[in-house]
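This report refers to the structure that appears directly beneath it.
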Amino acid sequence: MALKIRSMKDFSAGLMFIAIGGLFAMGASQYPMGTAVRMGPAYFPSILGWGTVALGFMVFVESFLVDDEKPTPVKWRPLLLVIASVMAFAAIVNTGGLITATVVLIITAALGGHEFKLKEAIISAVLMSITVWAIFDKALGLPFKLFPWS
Amino acid sequence: MTELIQHLSLGFSVALTMQNLMYCFIGCFLGTLIGVLPGIGPVATIAMLLPITFNLPPTPALIMLAGIYYGASYGGSTTAILVNLPGESSSVVTCIDGYQMGRQGRAGPALAIAALGSFFAGTVGTLLIALFGPPLAELAFEFGAAEYFSMMVLGLVSAVVLAHGSLIKAVCMILVGLLLGIVGTDVNSGIARYSLGISELSDGIGFVSVAMGMFGFGEIISNLEQGEEREVNTSKVGSLMPTWTDLKMSFGPIVRGTALGTIFGILPGSHTVIASFSSYTLEKKLAKDPSRFGKGAIEGVAGPESANNAAAQTSFIPLLTLGIPTGAVMALMVGAMTIQGIAPGPQVMTQKPDLFWGMIASMWVGNLMLVILNLPLIGMWVQFLKIPYRVLFPGIILFCCIGAFSVNNSPAEVYLAGLFGVFGYFASKWGCEPGPLLLGFVLGPLMEENLRRAMLISRGDATVFFTRPISCGMLIVAIFLLIIIVLPQIRKKRAEVVYESAD
């Protein structure tokens, strides 16, 4: 009997919840359980974790029983570039400075948009850098390192 | 009565200081600015602007946050009327008739009525909080650990039950949220849980990272997936003055909307959405000529907008009196209060009356500001809406990143926000709502603490949750809610399965 996945959304969500719940539940086993009266650090997370696994399993089973519309296809470009821009900012901001991180973020993120116009992105990066400097450095006086050489 | 006046005068004396007025204005302004941007709702707006409030003392910080909330709601209606894009879920209804009015060149009166209706609702809401706050807080003093635990369970269940989408997936999101909230050092035993040896995690996951990641980045990525065709009503805004007929026709809807919104606001769940939808349905049923709805009927704007603001206002009541957040927005407020060192609960009213009443008074002031100041600024919002999304969104991401960074001056929060962005993107793609997760995240540690305490006091007797009357009552309501929602779903799904297998 071939099982047909009727709801890709539920299939994926179900697996995701089983995985997350399972990770937390198994992770809890390294801590003491304690008793019902004096609950140890593992008590609550174990209940929640296994609960998530159980419910996740129900969602997973449901995916074979109930029809649902297909999830909208993943567009990799916006996803990867937006996340890349965030990660780049985090990686650069302490060493390269806020302004450098800003420029890298703006241009990387802009690449994730519909149409990438290089001139537009550069102007935007410059304007954003000035705005950021004005608000966070001048107006609020926050202790940000601005450039790699600051 | 005299007590009410005393409380309100204390509140206004705090709210009307130059400093607090300024913060209220900044909050309203920034909230509207970000709220106007399509695809960014109040939760994302508050999440983004939250770090700005960290450096302020508690009272101005909360005043500014409330201002941001109302500003974002107001911005959402503006976008709905001008661009037919709901800035937030409760503005969906405003889109229907509001946008049509815009196309007929009547965007101005639509915006004006939306603002006036919201102001009326806000005033009523403020009075209700002032009247019922103290007695409710007194009731809350009777609460022990068992009651708090059961109340949180009820809050989580109602939030899920009244939300749209798959119930079981929403419950899973709550559980995941609770689990994520537990990450960090356990107060009782001192053991760092799930910290993976990373020192930043031993303090727990910052909720700014979760909020910005799931609501900010996740939404932006989803927005980028869709097309960018927007017909903007900007050239036809014209005069803001509503006609006499407009005002007369709106009066009833505004009053009825306020009443509906007040009721729904106090209940946990997506109060603003249900309030505005119910108001629209009610007005359509009551109208002499229902066919006008959908083509620019002003009642279709007046009612829902008032309902939605009334609900937004009264949804603060459970938070300010009992200390329980009833939705994603309130969850953020709890987070903000905790960061400011204030434990939300009934004791806030007695221990910090100037904070409590000052905030309530300034909610009303914020509503007033939105009517007086933002209406003339419509031109500015309109210009803003003309900027193409591809230019705006990198800036939004940038401010989110700076915000997340500034929490601890560490890139760890930014990395986490990025990870939650990916998680949020896939979760919503697969039909799992992020709101319940945020609620669970904020309540997680609190629930565990109360569960532990209740069990300790009852010496391991788990029936304590049912033997204590208030706690028992709340759990029964929670179970009841679950049953009435699950039953139709089971019947529907059984029917579907039977139908399928009959092929």
Exercise for review: Answer yes if at least one residue in region B:403-426 is more than 30 Å from A:T131 (Cβ to Cβ) and modelled with pLDDT of 85 or more, and no otherwise.
Suggested key: yes
Study note, to complete from the structure: Filtering helices (runs of 4 or more DSSP H) wholly in region B:333-386 for at least 2 residues that are more than 30 Å from B:G440 (Cα to Cα) gives B:353-369, B:378-386
**Study point:** Residue selected from region A:109-123 under the condition of a type outside the set (A, V, I, L, M) and at the interface with chain B (Cβ under 10 Å from one of its Cβ atoms), by the criterion nearest to A:I135 (Cα to Cα)
**Key:** A:E120
Exercise for review: Determine if region A:57-76 includes at least one residue that is outside any loop (DSSP other than H, G, I, E, B) and under 27 Å from B:A192 (Cβ atoms).
Suggested key: no
Point to revise | Failed criterion for A:V37 (all others in (1) surrounded by fewer than 16 Cβ atoms within 10 Å (Cβ to Cβ); (2) at the interface with chain B (Cβ under 9 Å from one of its Cβ atoms); (3) not in a loop (DSSP other than H, G, I, E, B) hold) | key: (3)
Revision key, fill the gap. Expected output for region A:1-27 (first residue within 9 Å of chain B (Cβ to nearest Cβ), partner among the basic types (K, R) and surrounded by fewer than 20 Cβ atoms within 10 Å (Cβ to Cβ), Cβ below 8 Å, 6+ apart or cross-chain) is A:M8/A:K70; A:K9/A:K70
Practice item. Write out, first by first residue and then by second, each pair whose Cβ atoms fall under 8 Å of each other, whose residues are 6+ apart or on separate chains, and whose first residue, in region B:443-463, is more than 10 Å from every other protein chain (Cβ to nearest Cβ) and over 20 Å from B:G204 (Cβ atoms) while the second is of a type in the set (G, A, S) and part of a helix (DSSP H, G or I). Key: B:A454/B:A145; B:A454/B:A146
Exercise for review: Could you please let me know if B:P253 is more than 14 Å from chain A (Cβ to nearest Cβ), modelled with pLDDT under 80 and either crowded, with 17+ Cβ neighbours inside 10 Å or not in a loop (DSSP other than H, G, I, E, B) (or both)?
Suggested key: no
Review point. Quick check: is even one residue across region A:42-64 closer than 30 Å to A:V126 by Cβ, more than 21 Å from the chain's Cα centre (by Cα) and of a type in the set (A, V, I, L, M)?
Key: no
Study note, to complete from the structure: Of the residues in region B:154-173, those that are assigned to a helix (DSSP H, G or I), surrounded by 17 or more Cβ atoms within 10 Å (Cβ to Cβ) and at pLDDT below 85 come to B:L154, B:G155, B:L156, B:V157, B:S158, B:A159, B:V160, B:V161
Exercise for review: Output yes when any residue across region A:80-95 is in contact with an Asp or Glu (Cβ under 6 Å, 6 or more places away or on another chain) and facing another protein chain (nearest Cβ under 8 Å), and no when none is.
Suggested key: no
Review point. Looking at B:V183, B:V187, B:V176, which is the one that is surrounded by fewer than 16 Cβ atoms within 10 Å (Cβ to Cβ) and of a type in the set (A, V, I, L, M, F, W, C)?
Key: B:V187
Exercise for review: Please go through region B:394-429 and pick out each residue that is free of Cβ contacts under 8 Å to residues at least 60 places away in the same chain, among the aromatic types (F, W, Y) and surrounded by fewer than 23 Cβ atoms within 10 Å (Cβ to Cβ).
Suggested key: B:Y415, B:F426
**Study point:** Which listed residue is in a helix (DSSP H, G or I) and in contact with a Phe, Trp or Tyr (Cβ under 7 Å, 6 or more places away or on another chain), from B:G177, B:G98
**Key:** B:G177
Check your understanding: Is it true that A:L127 is in a loop (DSSP other than H, G, I, E, B), within 11 Å of chain B (Cβ to nearest Cβ) and surrounded by fewer than 18 Cβ atoms within 10 Å (Cβ to Cβ)?
Key -> no
Check your understanding: How many residues, within region B:97-117, are touching a Leu at 6+ places or on another chain (Cβ under 7 Å) and among the small types (G, A, S)?
Key -> 5
Practice item. Could you tell me whether B:G294 is modelled with pLDDT under 80, on the phi > 0 side of the Ramachandran plot and surrounded by 21 or more Cβ atoms within 10 Å (Cβ to Cβ)? Key: no
Revision key, fill the gap. Only unsatisfied item for B:E142, checking (1) farther than 18 Å from A:P45 by Cα; (2) modelled with pLDDT of 80 or more; (3) among the acidic types (D, E), is (2)
Exercise for review: Output the residues belonging to region A:46-79 that are at pLDDT below 90, facing chain B (nearest Cβ under 9 Å) and either surrounded by 17 or more Cβ atoms within 10 Å (Cβ to Cβ) or under 19 Å from A:A13 (Cβ atoms) (or both).
Suggested key: A:E62, A:L65, A:V66, A:D67, A:D68, A:P71, A:T72, A:P73, A:V74, A:P78
Exercise for review: For residues that are closer than 21 Å to B:A159 by Cα and small (G, A, S), tally how many sit in region B:428-481.
Suggested key: 8
Review point. Taking region A:1-34, which residues are modelled with pLDDT of 85 or more, within 22 Å of A:P71 (Cα to Cα) and surrounded by fewer than 18 Cβ atoms within 10 Å (Cβ to Cβ)?
Key: A:M8, A:L15, A:A19
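Results for (1) at pLDDT 80 or above; (2) more than 17 Å from the chain's Cα centre (by Cα); (3) surrounded by 21 or more Cβ atoms within 10 Å (Cβ to Cβ), shown as yes or no for each residue.
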| residue | (1), (2), (3) |
| --- | --- |
| B:G87 | no, no, yes |
| B:G98 | yes, yes, yes |
| B:P109 | yes, yes, yes |
| B:G122 | yes, no, yes |
| B:E138 | no, yes, no |
Revision key, fill the gap. Per the filter on region A:96-108, residues in contact with a Gly (Cβ under 9 Å, 6 or more places away or on another chain) and either more than 7 Å from every other protein chain (Cβ to nearest Cβ) or touching a residue at least 24 places away in the same chain (Cβ under 8 Å) (or both) are A:V104
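The values are calculated or read from the model by the stated rules, or taken from the named source; none is laboratory data. These numbers come from a predicted model, not from an experiment. Every residue, glycine among them, receives a Cβ derived from its backbone with ideal geometry; neighbour counts consider all protein chains shown.
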